[in-house]
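Reviewing the structure listed below.
The values are calculated or read from the model by the stated rules, or taken from the named source; none is laboratory data. It should be emphasised that the depicted structure is a prediction, and the values quoted were computed from it without experimental measurement. Methodologically, a virtual Cβ is constructed for each residue, glycine included, from the backbone with ideal geometry; neighbour enumeration extends over all protein chains shown.
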Amino acid sequence: MAMRAPVEKVDPGPRLSPSRAADFMQCPLLYRFRVIDRLPDVPAPAAVRGTVVHAVLERLFDLPAERRDLAAARALVESQWERVRDSSPELAAVHAADPEGVSGWLSEVPHLLERWFQLEDPTRLEPADREVHIQVRLDDGVAGEPAGGLLVHGYVDRLDVAADGRLRIVDYKTGRAPREAYEAKALFQMKFYALVLWRLRGRVPAVLQLVYLGSGEILRYSPDARELLATERKLRALWAAIELAVHTGDWRASPSRMCGWCPHKALCPAFGGRPPPLPDHPGSRIAEPAASALRTPGLEEE
């Protein structure tokens, strides 16, 4: 998972975001902890830094183009940090307990902003949308299928629209660019967004752009309709697997190096823990709770 604009009301029912889809693919038990049990996540330094950076870059474009410089971005850090802190009771509690420690978490924010200015020139950009919530039901308008199917949704950091209508989806990452072998995993989130926008606007986005501030790199990819259809099939299969886990109660752990970032490791059977009892009706909870003000920690931020 920056500060989020209010999400428009949607009908209750099955919903899936890129973050929760990634959770289930990484570890079904992690998905259960976050969606079924709805355990609170302890704010992590990387998540806090990422949220503040995203908030600053969103608000920077409120300024006229000629005023979008590094000094202006740095001047926004304090107000956006306060905005993020006040939106998260968990983070407010952590800050109250250790304000100096949390300030240390934020010490890298100015450097990450400086690196962004080395990669992009905001005086030459006029985004069509920033931190925009997008959603579509995969079954809407599909002949022979019932209305009201799986709703896929997420937040796009920046959407650029060229004069000829071409779309560019931009996502900021405060971590380092992945090695080539892991690029497909990094692009899954972007193809998810591209699928939603294609279904909404009838046009395949021309460019998916990942801006890695940790290493000062930009990853660009141009999808085609065939790939987005494959992404849709993957999401349908993924949701079927989630529904099966609800039916069987089989939320098995999938240990990996990502376990080091997991805030619920103490409850995991793979590490000697015991998960809480399942709710009486877990199927009623897989519509996902409201989005957190903080981005999900993990490789996305590291």
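Does residue 297 fit the bill of being modelled with pLDDT of 85 or more and under 20 Å from residue 44 (Cβ atoms)? Answer is no for this residue.
The residue that is surrounded by the fewest Cβ atoms within 10 Å (Cβ to Cβ), among those in the range 165-180 that are among the charged types (D, E, K, R) and at pLDDT 95 or above, is 166. Here's a check for you: in the range 228-239, which residue that is surrounded by 11 or more Cβ atoms within 10 Å (Cβ to Cβ) and among the aliphatic types (A, V, I, L, M) is nearest to residue 149 (Cα to Cα)? That would be 235. Residue 102 fulfils the conditions (1) at pLDDT 90 or above; (2) out of contact with any Asp or Glu (no Cβ under 8 Å at 6 or more places or on another chain) except for a single criterion, (1). Checking 278, 244, 238, 229 one by one, the residue that is more than 19 Å from residue 22 (Cβ to Cβ), part of a helix (DSSP H, G or I) and not charged (D, E, K, R) is 229 and no other. Which residue is farthest from residue 60 (Cα to Cα), if the candidates are limited to the range 72-91 and must be at pLDDT below 90 and surrounded by 12 or more Cβ atoms within 10 Å (Cβ to Cβ)? Going through the qualifying residues, I end up with 90.
So which residues in the range 251-275 are over 24 Å from the mean Cα position of the chain (by Cα), surrounded by 11 or more Cβ atoms within 10 Å (Cβ to Cβ) and not aliphatic (A, V, I, L, M)? Across the range 251-275, the qualifying residues are 269, 271, 273, 275. In the condition set (1) crowded, with 19+ Cβ neighbours inside 10 Å; (2) at pLDDT below 95, residue 27 is compliant with all but (2).
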